[in-house]
1. Hey, does the range 24-40 have a residue that's exposed (fewer than 13 other Cβ atoms within 10 Å of the Cβ) and part of a loop (DSSP other than H, G, I, E, B)?
2. Taking only the range 206-231 into account, find how many residues are at pLDDT below 85 and surrounded by fewer than 19 Cβ atoms within 10 Å (Cβ to Cβ).
3. Filter the range 238-261 down to the residues that are in contact (Cβ under 8 Å) with a residue 40 or more places away in the chain and in a helix (DSSP H, G or I), then identify the one that is farthest from residue 112 (Cα to Cα).
4. Within the range 192-205, how many residues are closer than 13 Å to residue 113 by Cβ and in contact (Cβ under 8 Å) with a residue 60 or more places away in the chain?
5. (1) modelled with pLDDT of 90 or more; (2) buried (at least 20 other Cβ atoms within 10 Å of the Cβ); (3) over 19 Å from the mean Cα position of the chain (by Cα): which one isn't true of residue 251, the others all being true?
6. Could you list, in sequence order, the residues of the range 155-164 that are buried (at least 21 other Cβ atoms within 10 Å of the Cβ) and either under 20 Å from residue 208 (Cβ atoms) or out of contact with any helix residue (DSSP H, G or I) (no Cβ under 7 Å at 6 or more places or on another chain) (or both)?
7. Based on this model, can you work out whether residue 189 counts as without any contact (Cβ under 8 Å) to a residue 40 or more places away in the chain and either on the phi < 0 side of the Ramachandran plot or touching a strand residue (DSSP E or B) at 6+ places or on another chain (Cβ under 6 Å) (or both)?
8. Given (1) in contact with a helix residue (DSSP H, G or I) (Cβ under 9 Å, 6 or more places away or on another chain); (2) touching a residue at least 12 places away in the same chain (Cβ under 8 Å); (3) surrounded by fewer than 18 Cβ atoms within 10 Å (Cβ to Cβ), where does residue 277 come up short, assuming only one miss?
């Protein structure tokens, strides 16, 4: 299997080169192009929010040009209720939503790795504690716990990331724990123990490095679910607050004018569906390449 170097305890350099060859040689060109388009659009969306001289692209209001339909002069996708260009609103919102998704994914992966390795490698007492924490997290529906946390802390960008991350990591921790229970019996781990290598160093050098393929696949899924979660929280008024744009905020504002214009609701909704479907397809594609044993299961 092409993924074998990442699972057999070979030197880190060989594992990284084998993983890179797998991603490059087997990746379908359509997935590569789609990923580049998504990342480019998201990067542009972040840039126009960060650079003050570009914020006018999505913030400028024209009360004489409110709710203009798509293909209007100077407004390809129309305008919203404040006369702001909907095209730039969607690009900026995509940047925010994608940044939230990546932030949630990274935080979830870090928490999942820490708890999963702690429970699978540091003894029965540690495993019992880790299982209790995971079970308590899984006892609540993800969206309900996210709504409670966001409502308690207050709506903001940081709140959305923390709330969603605290509900996503548990599934990854379970997968990590199962892999660690297998990896800890491998010869290269036993050899490191005999040589007196500290458990923390073994966790990073031998365990975490062998979990890279699974981590990549789960990260893509986390980004997709986090974008949906952000849209849901913001739609309920618990997420990103104006004037910061996001796909959920555009949907929430547009629904108030659905009887007068459909585009402020349909366009961000369609974009949201396309992004999530693409990310789920990309995750399935990567799972086929990097996780042939089927270790990654969606919650």
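The values are calculated or read from the model by the stated rules, or taken from the named source; none is laboratory data. On a predicted model such as this, the values are computed, not experimentally measured, just so you know. FYI the Cβ positions are ideal-geometry reconstructions off the backbone, even for glycines, and counts take in every protein chain you see.
1. There is at least one residue in the range 24-40 that is exposed (fewer than 13 other Cβ atoms within 10 Å of the Cβ) and part of a loop (DSSP other than H, G, I, E, B).
2. Number of matching residues: 1.
3. Keep residues of the range 238-261 that are in contact (Cβ under 8 Å) with a residue 40 or more places away in the chain, which gives 238-241, 243-250, 253-254, 256-257, 260-261.
The next check asks that each one be in a helix (DSSP H, G or I); those that pass are 247-250, 253-254, 256-257.
On the way: 247: 27, 248: 27, 249: 29, 250: 32, 253: 35, 254: 37, 256: 39, 257: 42 Å.
Within the range 238-261, the match that is farthest from residue 112 (Cα to Cα) is 257.
4. 1
5. (1)
6. None - no residue of the range 155-164 is buried (at least 21 other Cβ atoms within 10 Å of the Cβ) and either under 20 Å from residue 208 (Cβ atoms) or out of contact with any helix residue (DSSP H, G or I) (no Cβ under 7 Å at 6 or more places or on another chain) (or both), so the list stays empty.
7. Numbers: without any contact (Cβ under 8 Å) to a residue 40 or more places away in the chain: no; either on the phi < 0 side of the Ramachandran plot or touching a strand residue (DSSP E or B) at 6+ places or on another chain (Cβ under 6 Å) (or both): yes.
So residue 189 does not fit the description; no.
8. (2)
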